[in-house]
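Accompanying notes for the structure given below.
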Amino acid sequence: MNNRMRSASLALAAPLASLLLAFLLSALVLVLVGSNPLVAFGDMLEYGSRLEIVIDMLNRATPLYLSGIAAAIGFRMNLFNIGVEGQYQLAMFVAAVVGGALALPGFLHLLLILVVAMIVGGLWSGLAGLLKVTRGVNEVIGTIMLNFIAIGGIIAALIGRFRDGEISTNSGTKLIAESGWMPNLNGFVEAFTRDIKGRQLSGMLVVAVLVGIAYHLTINRSRFGFDLRASGLNPMAARSGGVPPKRMVVVAMVLSGAAAGLVGMVDLVSRYHRYDNNFSPGLGFAGIAVALLGRHHPVGVAFAALLFAFMDSSSSILQVTGSASPEIVIIMQGVILLTAVITYEYVNQIRQREETKMAALATAGGAA
Amino acid sequence: MVLAIELIDITKRFPGVLANDRVNLRVELGEIHAIVGENGAGKSTLMKILYGMQPPDEGKMLVNGTEVDFKSPTEAIEAGIGMVHQHVMLADNLTVLENVILGSEPTKSFGRIDFESAAQHLREVSHAYGLDIEPNDLVETLEVGERQRVEIIKVLFRGAKILILDEPTAVLVPQEVEQLHHNLRELKAQGSTILVINHKLPEVLDIADTITVLRQGRTVGEVKASDVTAGDLAELMVGSELPSPETTESTVTDDVALSLRGVTVLNEEDRPVVDDVDLVIHRGEIVGIAGVEGNGQGELIGAIMGTEHVETGTLELMGQDITKWSVRQRREAGVGLVPQDRHEEGLLLTAPLWENAALGHQTQRPYAKGWWIDRAASRAHTQTIRKRFGVKTPNVDVAAHALSGGNQQKLIIGREMTADPKILVLAHPTRGIDVGAQASVWQKIRDARADGLATMLISADLEELIGLSDTILVMLRGKLVAKLDPANVTPRQLGSYMTGAAIETDGNGSADGGAE
Ligand SMILES: Nc1ncnc2c1ncn2[C@@H]1O[C@H](COP(=O)(O)OP(=O)(O)OP(=O)(O)O)[C@@H](O)[C@H]1O
Ligand SMILES: [Mg+2]
């Protein structure tokens, strides 16, 4: 038991160490530009722990988490899905068009929107998988190319057609009927805290949690997950063991894309209810960082997403107080990622040495 | 007198394992010194310590009389030590020259690699030691024996005067072993000191001057090769007699388990690498395939497993046409495989043992339950394999790379044989397994045969091939060129069949293109 706690604390040591290092380096940067880091961090912590800002953080963390899981699915098979960005934007666009054109009774409408988003994301990503297994196009190249086609090509070309005619100044698609809106979780939160003014906690949080559970069960517990991990660890051995390598690549890409399809849904079904220029881009790339920091672990990725979301949501206070530039969080996020990669490797080595030593203590008496 | 190497009281612990327990080793300058011992005795570990790959927990190391403490192989190389590993580590898609200089590239100005002078140096080195090799050949086109030579040259290229070879002959056929031994003697004559690990005791006696025996991490003896027999050595190593792989009475039945008709597999250049092969294996029969590696055996296995595309011909398993079946369908129908390269094809090195046991059988009980992996049952079954096949490990949750080579092999044999196969393809089943465990693996193969298992056996160990097989087919350039009765053939004769010499002299007389 003691052993297990030790190894658990070692597992936590890496992300904590990188966090600490990131704080120190950011503090250094702040000092260099003439700000007081203690004041700046203090402001962020105080502001970030307000209920409204916590809700803001959760709303930001939700798409980050989904994006992180999308990247993590690929990573488990040594596939680098750079295309989450294009996949979620295309999925969001198509889901907005379909959701705006149809009106189904109640819950079905919302479900349809989510399913369409997952299908579009999955197909778009699966296309990169198909290109890889049939044409030998590396998935990195394939997904980058598909990002351009999706964002710069398809969406740009089609958005004019589906523009909402009633409001001429608006560049977005038609507003989705209320049956296609995600209920918020305010009632649930308020039962424990107080009235939330002007904020809504998106119900997509529940979807993200379900996706996390599904990810864990599929990858770590199912036969399919075994095949997927085996292909990632040793493709040749997996193949001799009956895993169809090409099908695995396509299926993994489809699953990754399906998760990616949900990334834009916080904006679509909980916020703007249409596709327009207000939604947040860049979530696909942030997801890669979150997946790496969380070590592809369902809970680890959640912590990473929360951390990045906290920095984003609490940094806006810096503009108000003037204690530092809000852009400092971008530096911090970059540093965290860099140091995480390094400290993970370092802690791994320490852990191996520790294990060896402990086993030595255990065996020395018996074997000598 | 100054010793080339002196290891004093070396101790090395791994989680749950005492790999080296105050080991002592004394190697004289200019001798060939063999290290023998059962699987997991700590041979590879000791050599890795000497080569600076792993630090010892305790103990002292002296090289040429001075104490050393290598932090990395680079430091060992500087001290004139070179190592050829148990598992070959060459990059297939690079040339011999590129492989040799990899990691120590000679450079010209601006960091450009100086290929001309490297090639020149390589030719000098290979010429000086009588090791023929063409620097610009692609490694993937080389035979195993040649690859081995590349590994040795790689080490010599860096100026090694002390060579460590970890099971160099495991993958070689007798002719290649002779060639290697010839090369080693040449090296010795020029003043090199050689340390060699080998499980094949007759080969040890042939090449070594002195032999150190390890057992459960300890030195149990040092003997002069001229003073002992293979039997004595086996006795010292595992406390048992030298086993022989002879099968008892025939258990061959009339039921056809697997039949191949006109099977042809093409390579990338559309040339047949398996050429119109007819082959029948009955229940209770062991069919041995003899051949120098690279004559299509790998592709023949691939055709049976479903990993190679069969251009023409049909395969039938228990009367059912399986030509179009996927690997998984065949696996589930009871086609088992012990692959020829355990690291490349057989294991997930960083995954726990129980997941490795499940590999290839992950859709079947006890490993799977519906769509899920049954973790508890998988672990329990892996424990059973561990006990029945004597896999030496602290538990079934350790990663596969933590096992010694022979123990990894036992795990693979165990998972395939306990999966209730109908037909088992065994490629070098006892490669890297010690004499004691070898006997028990052979016994298990015989027991399975008596229970009606149909087996295809491929082995570089000709004694094993002759001893276990009911029929031997010789494979040469993709064709089955001769059918031999193991009762009437010696390893030497078999060797000349394999190189094609015997077939040419007897005018294809006995070549009937396979069984039936
Ligand atoms: N990296 C490692 N981590 C944990 N245990 C290890 C590691 N390397 C080796 N061991 C253990 O140390 C013991 C000795 O292993 P070693 O590889 O030296 O055996 P060996 O004598 O070379 O055996 P073989 O003949 O099978 O190759 C084994 O029990 C093995 O499981
Ligand atoms: Mg070894």
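Some values worked out for this structure:
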read-out	value
Every pair of residues 6+ apart whose Cβ atoms lie under 6 Å, when the first sits in segment B:34-61 and is within 14 Å of chain A (Cβ to nearest Cβ) while the second is basic (Lys, Arg) and within 12 Å of ligand 1 (Cβ to nearest atom)	B:40/B:392; B:41/B:215; B:45/B:12; B:54/B:48; B:56/B:12; B:57/B:12; B:57/B:13
Counted residues, segment B:7-23 - those being within 7 Å of another protein chain (Cβ to nearest Cβ) and free of Cβ contacts under 8 Å to residues at least 60 places away in the same chain	1
Verdict on residue B:467 being within 14 Å of ligand 1 (Cβ to nearest atom) and away from chain A (no Cβ under 14 Å)	no
Matching option when the condition is in the same structural domain as residue B:436 (by TED's automatic domain parsing), under 19 Å from residue B:293 (Cα atoms) and at pLDDT below 90, among B:249, B:268	B:268
Yes/no for residue A:129 being in contact (Cβ under 8 Å) with a residue 12 or more places away in the chain and surrounded by 15 or more Cβ atoms within 10 Å (Cβ to Cβ)	yes
Qualifying residue in segment B:272-287 (condition: of a type in the set (D, E, K, R) and out of contact with any Ser or Thr (no Cβ under 9 Å at 6 or more places or on another chain))	no
Unique residue being touching a Lys or Arg at 6+ places or on another chain (Cβ under 9 Å) and either of a type outside the set (A, V, I, L, M, F, W, C) or surrounded by fewer than 21 Cβ atoms within 10 Å (Cβ to Cβ) (or both) when the list is A:121, A:100	A:100
Within segment B:305-323, considering residues that are without any contact (Cβ under 8 Å) to a residue 24 or more places away in the chain and more than 14 Å from every other protein chain (Cβ to nearest Cβ), the one surrounded by the most Cβ atoms within 10 Å (Cβ to Cβ)	B:323
Test result for residue B:86, modelled with pLDDT under 90, in contact with an Asp or Glu (Cβ under 6 Å, 6 or more places away or on another chain) and either within 13 Å of chain A (Cβ to nearest Cβ) or within 10 Å of ligand 1 (Cβ to nearest atom) (or both)	yes
Segments classed as helices (runs of 4 or more DSSP H), wholly inside segment A:166-254, with at least 1 members that are surrounded by 21 or more Cβ atoms within 10 Å (Cβ to Cβ) and either more than 14 Å from chain B (Cβ to nearest Cβ) or in contact with a helix residue (DSSP H, G or I) (Cβ under 9 Å, 6 or more places away or on another chain) (or both)	A:204-216, A:223-233, A:235-240
Count of segment B:389-414 residues which are among the charged types (D, E, K, R) and closer than 21 Å to residue B:87 by Cα	2
Out of A:270, A:280, sole residue that is in a loop (DSSP other than H, G, I, E, B), touching a residue at least 60 places away in the same chain (Cβ under 8 Å), small (Gly, Ala, Ser) and more than 14 Å from every other protein chain (Cβ to nearest Cβ)	A:280
Residues of segment B:309-345 that turn out to be modelled with pLDDT of 90 or more, of a type in the set (Lys, Arg) and farther than 21 Å from residue B:256 by Cα, as a count	1
Wholly enclosed strands (runs of 3 or more DSSP E) of segment B:157-275 bearing at least 2 residues more than 14 Å from every other protein chain (Cβ to nearest Cβ) and within 16 Å of ligand 1 (Cβ to nearest atom)	B:162-166, B:193-197, B:210-215, B:218-224
Wholly enclosed helices (runs of 4 or more DSSP H) of segment B:391-502 bearing at least 1 residues assigned by TED's automatic domain parsing to the domain that holds residue B:360	B:405-417
Matching entry among A:69, A:73, A:82 (being among the β-branched types (Val, Ile, Thr) and not in a helix (DSSP H, G or I))	A:82
Some residue of segment B:149-162 being surrounded by 23 or more Cβ atoms within 10 Å (Cβ to Cβ), more than 16 Å from ligand 2 (Cβ to nearest atom), under 24 Å from the mean Cα position of the chain (by Cα) and farther than 30 Å from residue B:494 by Cβ	yes
Which listed residue, of B:42, B:37, B:52, is crowded, with 21+ Cβ neighbours inside 10 Å and either more than 13 Å from ligand 1 (Cβ to nearest atom) or not assigned by TED's automatic domain parsing to the domain that holds residue B:220 (or both)	B:52
Residues (among the β-branched types (Val, Ile, Thr), touching a residue at least 24 places away in the same chain (Cβ under 8 Å) and farther than 30 Å from residue B:348 by Cβ) located in segment A:73-113	A:94, A:97, A:113
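Condition check ((1) more than 13 Å from chain A (Cβ to nearest Cβ); (2) out of contact with any Asp or Glu (no Cβ under 7 Å at 6 or more places or on another chain); (3) within 16 Å of ligand 2 (Cβ to nearest atom)) across all residues:
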{"position": "B:337", "(1), (2), (3)": "no, no, no"}
{"position": "B:348", "(1), (2), (3)": "no, no, no"}
{"position": "B:369", "(1), (2), (3)": "no, yes, no"}
{"position": "B:406", "(1), (2), (3)": "yes, no, yes"}
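The values are calculated or read from the model by the stated rules, or taken from the named source; none is laboratory data. Everything quoted here is computed from the prediction, not taken from an experiment. Here Cβ is always computed from backbone atoms with ideal geometry, including for glycine, and neighbour counts include all displayed protein chains.
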